[in-house]
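Participant: The structure is given below, and queries will be raised subsequently.
The values are calculated or read from the model by the stated rules, or taken from the named source; none is laboratory data. These numbers were taken from a predicted model, which means no experiment stands behind them. When we count neighbours, we look across all protein chains shown, and the Cβ atoms used for this are built from the backbone with ideal geometry, even at glycine. Please note that ligands, DNA and RNA were not included when accessible areas were found on the heavy atoms of the full protein model with its side chains. Shrake-Rupley method; radii C 1.70, N 1.55, O 1.52, S 1.80 Å.
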Number of protein chains: 2
Amino acid sequence: MISPKPIPTLPVPFPRTLAAELTARIGRQVTLKGWLHRKRVLKSVAFLVLRDRSGLAQAVLSEPRAVAALCALPEETVLQVTGTATARAQAPGGVEVTSPTVSALSGPAAPPPFDLYRPVVPATLPTVLDHAPVALRHPLLRAPHTLAAASVAGFRAALDALGFTEIHTPKVVASATESGANVFSLDWFGRTAYLAQSPQFFKQAMVGVFERVYETGPVFRAEPHDTARHLAQYTSLDAELGFVADHHDVMAVLREVLAVMTATVEERAGEACALLGVTPPEVPERIPVLHFAEAQELLAAHTDEDPRGEPDLSPAHERWLSRWALREHGSEFLFVTGYPMAKRPFYTHPEPGRPQYSNSFDLLFRGLELVTGGQRLHRHEDYLAALSARGESPEPYAGYLAAFRHGMPPHGGFALGLERWTARLTAADNVRRVTLFPRDLHRLTP
Amino acid sequence: MISPKPIPTLPVPFPRTLAAELTARIGRQVTLKGWLHRKRVLKSVAFLVLRDRSGLAQAVLSEPRAVAALCALPEETVLQVTGTATARAQAPGGVEVTSPTVSALSGPAAPPPFDLYRPVVPATLPTVLDHAPVALRHPLLRAPHTLAAASVAGFRAALDALGFTEIHTPKVVASATESGANVFSLDWFGRTAYLAQSPQFFKQAMVGVFERVYETGPVFRAEPHDTARHLAQYTSLDAELGFVADHHDVMAVLREVLAVMTATVEERAGEACALLGVTPPEVPERIPVLHFAEAQELLAAHTDEDPRGEPDLSPAHERWLSRWALREHGSEFLFVTGYPMAKRPFYTHPEPGRPQYSNSFDLLFRGLELVTGGQRLHRHEDYLAALSARGESPEPYAGYLAAFRHGMPPHGGFALGLERWTARLTAADNVRRVTLFPRDLHRLTP
């Protein structure tokens, strides 16, 4: 029989120096671990550049056998490098590892689909996507995801501070509500079910429980369009809150959220921003606001088109209005409110006194719609009337509508697509550049 | 034409006092907003209990017309209550609102499926689940979700502090890998695809990019079993990290994570814990560890069974070992390591020197397996050998295996089911009690 004591001791993990910590260890023995990012063999010495999660570190080898051993190692082989951190002005960061002992922690790596050490990515987007597990190791391809992670952290931090509760809702639903089209169907134990296009109904219902809720999770759109903006799965940052006066309260919360998101990007992803040449936007104390009707007046007066009477803004209109906001108000953000009811979902709250308009908004950012939100209906009878006016049966919405029979406060919310946000931040020409493993009309792997 | 200036001003939102803030406002005029939780009409006065996200507040009405108006209001109607915060020893929290003006913010609420104000939930689990949007308003049914939200926040905070990067991976995959059974299939633009059973392959691949990653998202299991422990969708808290010596490094990280999770539950969900009578567990500095073989020896020596030779622990064994850890080591947690390779997935790293055992672990918590994890294979040739030994073709795993050809460090990770954790914390008899909208063999709504 074994003795139950003493309790086995867990080792203190990770006796290791990161590349970014090297400067602080000058004169000391260090052990680095990472990938062989690059090697440069000169006449009498060879340089080894190691990449770890913190950045790059250089080691210099002069002993001929060590140089020969390095020559035999392919890039991307995982290495452990032990040596002395030595100040050297010409080295990256002013420090390099001298007299290193190098050993491999993986087998020799197969060559990556393209050179990961080149300062510009020498590959097309399809090549990058086909080989994502390896391609994303390129610092320029990795960096947007560091920004994305910081952005989500900021989103949550802002809402946590405002008393929101995080929720986790079903991604499989019984009826293809919200919009019948563009929905994936699946076999659920012999029944037909659908992938959720948004947590809309769940987050509204949860206002009745927590007042203020958010969710950061996947949503699914069977987008048959092969564009640079559409994904079949994306990460939706959703928030919903009760006891609002109208959509302006929702917009005030969104402004706070954006301010904390950009601050968190600067704080947690500063190096990734520097690498990409990204400057997170200033979020003004007061983001300029235009009513939809005002926006149309502006466009009619200042452009060759007269969009008045149209129910929506075109992409060109959005770009013009974004430029206007920047020029007139120095803001990269612009709220457009009051979109015609005809173009908003049935749960949208109409504008009091002008029921053809809605208490909804879009937030434009650098020329594109980034966030959609608004006040929702909160009275059961208003839902029945809204569905009836659209000639829709309330039947598929029964589970959704039940909550409104039992007392729901005026409420509203918004949804922000994480990939769209990151694409705008990094000026990516395709949302797939900021998605780890995109899913679309054609792409289901890797 | 409209004038583009001045910028419209967003109103300062939410001029409102929360129930929990009432004590700090004694002597002042306050406006509360919330749900009519309960009314009690006595001879000369009536009490109105209002529920908001912070708790309960009492208002007292004596004016006959106001009392009559209150009588006409059904419970769950959304109200605004303006009056004076007045100290009164007998009132809950020592304060109540006097001389209130009451107005309804919603129509009169339909009666909930059961009384939400009763101190014990007067409804069966199916009733609760069928009416989740309203039932969850009951403070006892809501509280577990507050614990869950705090737990996830703690999970992320711990890993953020350890240099992990949050990732978002596809929930739809091309092949039903990891285990062919229990997988949902769907129609993906005319092709057959599958809901992801875990982010396992993605998180491993991302170790090559970020070294340390985590994801908090939905996973899907087509569990044909109707048990108190199984859900068809649950929230998996996944972590994976590179450059480990072996699974003990992963266990050390998990211990940190658990410590921060419990601390965050205490900090952010203290009231919910008090309401439920929950004491978050002590996470020992060193969680006791038993090797699988040692666990079998213990069981053979101290119970009527001799499990030696069996490839797994039974639920009864897990309960016995949990009690043993509590009795002998004062720990509600117990690591069991080294599970036989035969019972672990193909990507599991074998135990050096004893290849029938693995570098894997389960964490038992209060009698149940809570976390599964371990070291993974990291050499491409080891994957090919492992699949071959199991008679499996590497073909369906091609996308997964590619990463390992290009240099991967020794790594490992773990997955913790959020609902299972919350169920254990709250001693729930069914995991559905701690899931907002459970999905299972029978349930696809609400």
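Participant: Name the aspartates and glutamates eligible as straight-distance cross-link partners of residue B:43: C-alpha to C-alpha under 15 Å, and not fewer than 8 places from it in the same chain.
Facilitator: Candidates past the 8-residue exclusion: B:63.
Participant: Once both labels are modelled 7 Å past Cα along the beta-carbon direction, what's the residue A:23-residue B:304 spacing in nm?
Facilitator: 6.9 nm
Participant: Now, a different point. If we hang a label 7 Å off Cα along the beta carbon direction at residue B:42, how far is it from the matching labels on the other copies, in nm, shortest first?
Facilitator: So the distances to the same position in the other copies read 9.1 nm.
Participant: Another question, if that's okay. In chain A, which whole DSSP H runs stretch at least 18 Å along their own axis (Cα) and average 0.5 or higher on the Kyte-Doolittle scale?
Facilitator: Working: long enough: A:139-161 (33 Å, 0.69); A:247-268 (31 Å, 0.32); A:315-329 (20 Å, -1.33).
Answer set is A:139-161.
Participant: Place +1 on the Cβ of every Lys and Arg and -1 on the Cβ of every Asp and Glu in the range A:166-283, take the dipole about the Cα centre, and give the residue among A:274, A:239, A:222 whose Cα lies farthest towards its positive end.
Facilitator: Selected residue: A:222.
Participant: Something else about it: Which parts of the range B:147-162 would a label at residue B:366 reach, counting a residue when its backbone N lies under 16 Å from a point 7 Å out along Cα-to-Cβ?
Facilitator: B:147-152
Participant: Next question, about the same structure. Exactly which trypsin sites (Lys or Arg not before Pro) in the range A:17-112 are in a DSSP loop and have at most 16 other Cβ atoms within 10 Å? Mind showing how you got there, number by number?
Facilitator: Values: sites: A:25, A:28, A:33, A:38, A:39, A:40, A:43, A:51, A:53, A:65, A:88; in loops: A:28, A:43, A:53, A:88.
Those satisfying the criteria are A:28, A:43, A:88.
Participant: Suppose only helical runs count, i.e. DSSP H with n ≥ 4. What mean residue ellipticity at 222 nm does that imply for the protein assembly as shown under -39500 (n - 2.57) per run, divided by all residues and rounded to the nearest 500 deg cm²/dmol?
Facilitator: It comes out at -9000 deg cm²/dmol, rounded to the nearest 500.
Participant: Kindly compute the accessible surface that chains A and B hide from a 1.4 Å probe when together, both sides summed, and give it to the nearest 100 Å². Walk me through the intermediate numbers first.
Facilitator: Details: alone 22160 and 22180 Å², together 34080 Å².
Counting both chains, the buried surface is close to 10300 Å².
Participant: List, by residue number, every residue in the range A:402-418 with a reduction of 10 Å² or greater in accessible area between the chain on its own and the complete protein assembly, 1.4 Å probe.
Facilitator: By number: A:403, A:405, A:406, A:407, A:408, A:409, A:410, A:418.
Participant: Next question, about the same structure. Give me the accessible area per residue for the range B:19-111, probe 1.4 Å, as a whole number in Å². Don't jump to the answer; show the numbers that get you there.
Facilitator: Values: 4300 Å² over 93 residues.
For the range B:19-111, the per-residue accessible area is 46 Å².
Participant: Further question: Could you give me the percent of Cα pairs per 5 Å distance bin for the range B:139-434, shortest bin first, beginning at zero and ending with the bin that holds the maximum distance?
Facilitator: 1, 5, 11, 15, 18, 18, 15, 10, 5, 2, 0, 0
Participant: Report the charge-dipole magnitude of the range A:19-111 in Debye, nearest 20, computed about the Cα centre from +1 at each Lys and Arg Cβ and -1 at each Asp and Glu Cβ. Don't skip to the end; give the middle numbers.
Facilitator: Details: 11 positive and 6 negative charges, 25 e Å.
Dipole of the range A:19-111, to the nearest 20 debye: 120 debye.
Participant: Counting only GluC sites (Glu not before Pro) that sit in a DSSP loop (anything but H, G, I, E, B) with at most 15 other Cβ atoms within 10 Å, what is the longest stretch of chain A containing none of them? Before the final figure, lay out the partial values.
Facilitator: Numbers: sites that count: A:282, A:285, A:305, A:392.
Result for the longest clean stretch: A:1-281.
Participant: Another one. So what's the range B:230-301 giving for Rg/Rh, alpha carbon basis, Kirkwood Rh from the mean inverse pair distance? Could you put the intermediate results ahead of the total?
Facilitator: Numbers: Rg = 16.4 Å, Rh = 15.4 Å.
Taking Rh as the inverse mean 1/r over Cα pairs, Rg/Rh reads 1.07.
Participant: Which net charge results for the neighbourhood of residue B:421, defined as the other residues with beta-carbon distances under 12 angstrom from its beta-carbon, given Lys and Arg at +1 and Asp and Glu at -1? The partial results should precede the final answer.
Facilitator: Working: positive: B:366, B:420, B:424; negative: B:369, B:419.
Taking every Cβ under 12 Å from that of residue B:421, the sum is +1.
Participant: For residue B:71 and residue B:187 in one chain, what is 0.36 nm times their gap in residues minus the Cα-Cα distance, to one decimal in nm? List each step's numbers first, then the result.
Facilitator: Numbers: separation 116, 0.36 × 116 = 41.76 nm, distance 5.40 nm.
Using 0.36 nm per residue and subtracting the Cα-Cα distance, I get 36.4 nm.
Participant: At 7 angstrom along the Cα-to-beta-carbon line, where would the label on residue B:127 sit relative to the other copies? Give the distances in nm, shortest first.
Facilitator: Those label-point separations list as 6.6 nm.
Participant: From largest accessible area down, sort A:99, A:62; use a 1.4 Å probe on the protein chains.
Facilitator: Values: A:99 100, A:62 80 Å².
Of A:99, A:62, the descending order of accessible area is A:99, A:62.
Participant: In addition: Report the gain in length on full extension from residue A:316 to residue A:110: 0.36 nm times residue separation, minus Cα-Cα distance, nm rounded to one decimal. List each step's numbers first, then the result.
Facilitator: Values: separation 206, 0.36 × 206 = 74.16 nm, distance 4.65 nm.
Working it through step by step, the gained length comes to 69.5 nm.
Participant: Mind checking the range B:315-417 for trypsin sites (Lys or Arg not before Pro) that DSSP puts in a loop (not H, G, I, E or B) and that have at most 12 other Cβ atoms within 10 Å? Provide the component values of the computation, followed by the final result.
Facilitator: Working: sites: B:319, B:323, B:327, B:343, B:366, B:376, B:379, B:390, B:405; in loops: B:366, B:379, B:390.
Those satisfying the criteria are B:390.
Participant: Tell me, what is the per residue accessible area of the range B:180-272 in Å², probe radius 1.4 Å? Numbers along the way, then the final one.
Facilitator: On the way: 2720 Å² over 93 residues.
Heavy-atom accessible area per residue stands at 29 Å².
Participant: Sum up the charges of everything whose Cβ sits under 15 Å from the Cβ of residue A:85, counting Lys and Arg as +1 and Asp and Glu as -1, but leave residue A:85 out. Mind showing how you got there, number by number?
Facilitator: Details: positive: A:16, A:25, A:28, A:33, A:88; negative: A:21, A:52, A:96.
Taking every Cβ under 15 Å from that of residue A:85, the sum is +2.
Participant: Let me ask you something else. Please give the per residue accessible area of the range B:323-446, computed with a probe of 1.4 Å over protein heavy atoms only, in Å². Display every interim value, and only then the final one.
Facilitator: Working: 4320 Å² over 124 residues.
Using a 1.4 Å probe on heavy atoms only, each residue of the range B:323-446 averages 35 Å².
Participant: Run the 1.4 Å probe and let me know the accessible area of residue B:380, rounded to the nearest 10 Å².
Facilitator: Accessible surface of residue B:380 is approximately 40 Å².
Participant: May I ask you to find the residues of the range B:122-138 that are shielded by at least 10 Å² of accessible area once the whole protein assembly is considered instead of their isolated chain (probe 1.4 Å)?
Facilitator: Hits at the 10 Å² cut-off: B:133, B:134, B:136, B:137.
Participant: Shortest first and in nm with one decimal, please list how far the residue A:353 label point sits from its counterparts in the other copies (point 7 Å along Cα→Cβ).
Facilitator: Ordered by increasing distance: 8.2 nm.
Participant: While we're on this one: Would you mind calculating the relative contact order of chain A from Cα pairs under 8 angstrom and at least 6 residues apart, reporting the percent as a whole number?
Facilitator: Values: 840 pairs, mean separation 58.6, N = 446.
Result for chain A is 13 percent.
Participant: What number comes out for the charge environment of residue A:239, summing +1 per Lys or Arg and -1 per Asp or Glu over other residues with Cβ under 14 Å away?
Facilitator: Working: positive: A:156, A:203, A:212, A:255, A:376; negative: A:160, A:166, A:211, A:215, A:238, A:240, A:249, A:256.
Value of the local net charge: -3.
Participant: How high is the relative contact order of the range A:19-111, given as a whole-number percent (alpha carbon pairs under 8 Å, six or more residues apart)?
Facilitator: With pairs under 8 Å counted, the relative contact order is 32 percent.
Participant: Continuing with this model, one more query. Tell me which A residue has its C-beta closest to the axis rotating A onto B, and the distance in Å?
Facilitator: Here the value is A:186, 2.
Participant: Convert 20 °C to kelvin, take the viscosity as 1.002 mPa s, use the Kirkwood radius over C-alpha pairs of the protein assembly as shown as Rh, and evaluate the Stokes-Einstein diffusion coefficient in µm²/s, rounded to a whole number.
Facilitator: Numbers: Rh = 29.6 Å.
It comes out at roughly 72 µm²/s.
Participant: Let me ask another. Hey, what did the range B:344-387 get for relative contact order, percent, Cα under 8 Å, at least 6 apart?
Facilitator: On the way: 51 pairs, mean separation 16.2, N = 44.
So the answer I get is 37 percent.
Participant: Looking at the range B:359-446, which chymotrypsin sites (Phe, Trp or Tyr not before Pro) are in a loop (DSSP not H, G, I, E or B) and have at most 16 other Cβ atoms within 10 Å? Write out the running numbers ahead of the final one.
Facilitator: Working: sites: B:361, B:365, B:383, B:397, B:400, B:404, B:414, B:421; in loops: none.
Filter output for the range B:359-446: empty list.
Participant: Quick one: pull the percent of accessible area on the protein assembly as shown belonging to carbon and sulfur, 1.4 Å probe, ligands and nucleic acids left out. Walk me through the intermediate numbers first.
Facilitator: Values: 17820 of 34080 Å².
Heavy-atom surface of the protein assembly as shown belonging to carbon and sulfur, 1.4 Å probe: 52 percent.
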